[in-house]
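First the structure, in the form of structure tokens, and then the observations on it.
The values are calculated or read from the model by the stated rules, or taken from the named source; none is laboratory data. All figures in this text were calculated on a predicted structure; none of them were measured in a lab. Using ideal geometry, Cβ is built from the backbone for each residue, glycine included, and neighbour counts are taken over all protein chains shown.
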Amino acid sequence: MAMYDKHYSFTNVVDMMLSNPMGRPETKPLSIDAITGEAITLNHLRHLVGAFHAGLRRFGLKKGDTVCFYSPNNINMMPIYLGTMAAGITISPANTSYVSSELQRQLQVSEAKILIAHPQGLDVALDAAAAVGMSRSHVFSVVRDPQQRVPYYRDVFIDHSQPELSPIEMTHNESVHTVAYLCFSSGTTGRSKGVMTSHYNVIAMVMEMNNIAGIFSDPSIQKISLAVIPLYHFSGISTFFNMGITAGATAIFLEKYSVTGMCEAIQKFKVNDLPAAPPILIHLVNRPEVEKYDLSSLQRIGTGSAPISASVVSRCAKKFQAFVPQGYGMTEVSPIITYQSPETAKPDSIGPVIPCMAHKIIDSKGREVGLNEPGELCVRGPNVMLGYKSDPEATANAIDKDNWLHTGDIVTKDKDGNLYIVDRIKELIKYKGFQVAPVELESILLQCPYVSDAGVIGINDETQGTEVPLAFITLPENLKNQGSNVIASKVQEWVNQRVANHKRLRGGVRVIETIPKSDAGKILRKNMKDIYKLQQKELGERVSSKL
């Protein structure tokens, strides 16, 4: 319990978020819909949170219950998330790409009492709710449903004629053990798991980041951020809710990502802060339509959630004359592990571990490695999760008896304390005893003039009895009409001239339309392996038909 012994001035995250430490005007918009212009001010949010808290109580929910939320970015997220946590109830956001069976599982694991969904996903939501025995009367819409399948949540839960309720008071111990968020890990290396993030985890993260970066130290800073990354993902939650609301930042909500939609919002609202996933940075530096917009307001373009090439970071920083830091973290740590400052940032690094966390880098036998030697990063601190809900085995596999969280990421550390991502343990390609990191090859591929985006997997080469690297690439617009086989051959040769012998693309290069990625920007290698298997099957069928 030593990780959770430090006391903070808040115990309920909502008290912290609504504390307005910089004295922002209560009439300042905290959220604006990029399309409709609808806004929620700080004062309005206070009343909506208190009213929603009271509405949940009238409906019969109590501390320890769970509300599941299944919707793309929407300004109603703020009162729903905060009103839920104010009551000591857990908010469990669901990935909007989930199909019914996946949402069913989240409803079961989270033991959700109600489900709030967007009209575009209501059929899936209703099907999943029925499958787990949730009454249709416990499903609501985050905006008015044109088909009137379920009620609008405000019509049921927001009644300003009734007394509003303040966030419940908690002791330090209750804050440590009361789950605020139950987000589900991406599942790219296994089945998704419900990450139990406590009120204390969140408060510690925000307060310690303020100590590091001075989030609340300069009232003259007027941050206008574009919420284009998904807000069911903890990186978005941390940026726009936990830290953003507390700092009084204005969030511009974009429901659906597109290059033109993003650029139009940046230009219209003079956005100066763009938290982004790697694919967005790649679009910013490569897509021709970006040049049509005035994006000169951008001062910071943050990237995280997945590794990205140093060349893309450098090109983006130069193009927009903006600070482009790489962040690193995971849902299990609420979610920050490293932080870069403008003074010390290196484009190929994720920065040093934040001071409130202890860390070590170990080899496969658990021994700490030296500088510039690769090993698994392990961390512990007040922001580390309570565990995975209803999964003690997975929790024990992630957090050892000494409270070290094993990240599963291979890193190196330089003499200045900066970390460099090598790859995921489970994604390393084993070529004749040598370890090949897909991330490294992807970084090189993104520097090739024939490549717009890239992903690398390992495939079995039965003739050599080993894995070999294979690259999938997408082509720049100006090359899409040229022969893909010729370009693929050029790319393979280009890479092979720039890497050690064991890292060569012996599996070849294949051109596809898009590199499969999660909403958070992580390359979905399992999906690429499925594409490879399908291509091999089709190739085999074509060969057989010619015999």
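Test Ser97 against the stated conditions and say whether it is surrounded by 17 or more Cβ atoms within 10 Å (Cβ to Cβ) and in contact (Cβ under 8 Å) with a residue 40 or more places away in the chain.
For Ser97, the condition - surrounded by 17 or more Cβ atoms within 10 Å (Cβ to Cβ) and in contact (Cβ under 8 Å) with a residue 40 or more places away in the chain - is not met.
Within region 441-460, does at least one residue satisfy the condition of being over 24 Å from Gln497 (Cβ atoms) and more than 23 Å from the chain's Cα centre (by Cα)?
Yes - at least one qualifying residue is present in region 441-460.
From the set of residues in region 276-302 that are in a strand (DSSP E or B) and touching a Gly at 6+ places or on another chain (Cβ under 7 Å), which is nearest to Ser452 (Cα to Cα)?
Per the criteria, the residue is Ala276.
Report, ordered by the first and then the second residue, all pairs with beta carbons closer than 7 Å, sequence separation of six or more or different chains, a first member in region 144-171 that is assigned by TED's automatic domain parsing to the domain that holds Thr84 and hydrophobic (A, V, I, L, M, F, W, C), and a second member that is part of a loop (DSSP other than H, G, I, E, B) and surrounded by fewer than 15 Cβ atoms within 10 Å (Cβ to Cβ).
Every condition considered, the pairs that remain are Ile168/Lys63.
Among the residues of region 154-167, are any among the polar types (S, T, N, Q), over 16 Å from Gly329 (Cα atoms), buried (at least 18 other Cβ atoms within 10 Å of the Cβ) and out of contact with any Cys (no Cβ under 8 Å at 6 or more places or on another chain)? So that I can check it myself, show each step before the final result.
First, the residues of region 154-167 that are among the polar types (S, T, N, Q): 161-162, 166.
Now restrict to residues that are over 16 Å from Gly329 (Cα atoms): 161-162, 166.
Restricting the remaining residues to those that are buried (at least 18 other Cβ atoms within 10 Å of the Cβ) gives none.
No, that holds for no residue.
Which condition breaks for Ala345 when tested against (1) free of Cβ contacts under 8 Å to residues at least 40 places away in the same chain; (2) not in a loop (DSSP other than H, G, I, E, B)?
Failed condition: (2).
Return the residues of region 139-169 that are under 29 Å from the mean Cα position of the chain (by Cα) and either in a loop (DSSP other than H, G, I, E, B) or among the polar types (S, T, N, Q) (or both); say none if nothing qualifies.
Within region 139-169, Ser141, Val142, Val143, Arg144, Asp145, Pro167, Ile168 qualify.
Just checking: which of the strands (runs of 3 or more DSSP E) contained wholly in region 432-547 hold 3 or more residues that are farther than 27 Å from Asp348 by Cβ?
In region 432-547, 453-461 are the strands (runs of 3 or more DSSP E) which contain 3 or more residues that are farther than 27 Å from Asp348 by Cβ.
Counting only residues that are part of a helix (DSSP H, G or I) and in the same structural domain as Tyr153 (by TED's automatic domain parsing), which one in region 1-19 is surrounded by the fewest Cβ atoms within 10 Å (Cβ to Cβ)? Spell out the reasoning first.
Pass one, region 1-19, residues part of a helix (DSSP H, G or I): 2-4, 13-17.
Restricting the remaining residues to those that are in the same structural domain as Tyr153 (by TED's automatic domain parsing) gives 13-17.
Working: Val13: 31, Val14: 26, Asp15: 18, Met16: 21, Met17: 28.
Per the stated criteria, the residue is Asp15.
Condition check ((1) among the polar types (S, T, N, Q); (2) surrounded by 19 or more Cβ atoms within 10 Å (Cβ to Cβ); (3) at pLDDT 90 or above; (4) in contact with a strand residue (DSSP E or B) (Cβ under 7 Å, 6 or more places away or on another chain)) across all residues:
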{"site": "Asn403", "(1), (2), (3), (4)": "yes, no, yes, yes"}
{"site": "Lys415", "(1), (2), (3), (4)": "no, no, yes, no"}
{"site": "Ile425", "(1), (2), (3), (4)": "no, no, no, yes"}
{"site": "Gly433", "(1), (2), (3), (4)": "no, no, no, no"}
{"site": "Val436", "(1), (2), (3), (4)": "no, yes, no, yes"}
{"site": "Leu441", "(1), (2), (3), (4)": "no, yes, yes, yes"}
{"site": "Pro449", "(1), (2), (3), (4)": "no, no, yes, no"}
{"site": "Val456", "(1), (2), (3), (4)": "no, yes, yes, yes"}
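Report, by residue number, each residue of region 240-262 that is within 23 Å of Gln120 (Cβ to Cβ) and in a helix (DSSP H, G or I).
Hits for region 240-262 are Phe240, Phe241, Val259, Thr260, Gly261, Met262.
Every residue in region 29-56 that is in a loop (DSSP other than H, G, I, E, B) and either out of contact with any Ser or Thr (no Cβ under 9 Å at 6 or more places or on another chain) or modelled with pLDDT under 95 (or both), please.
Ala34, Ile35, Thr36, Gly37
Conditions (1) surrounded by fewer than 17 Cβ atoms within 10 Å (Cβ to Cβ); (2) under 23 Å from Gly236 (Cα atoms); (3) among the charged types (D, E, K, R), marked per residue:
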| site | (1), (2), (3) |
| --- | --- |
| Pro21 | yes, yes, no |
| Glu26 | yes, no, yes |
| Ile32 | no, yes, no |
| Leu48 | no, yes, no |
| Pro72 | no, yes, no |
| Asn76 | no, yes, no |
| Pro79 | no, yes, no |
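Restricting to region 188-208, and then to whatever is of a type outside the set (Ser, Thr, Tyr) and modelled with pLDDT under 95, can you tell me which residue is nearest to Thr84 (Cα to Cα)?
So, considering only residues that are of a type outside the set (Ser, Thr, Tyr) and modelled with pLDDT under 95, the one nearest to Thr84 (Cα to Cα) is Lys193.
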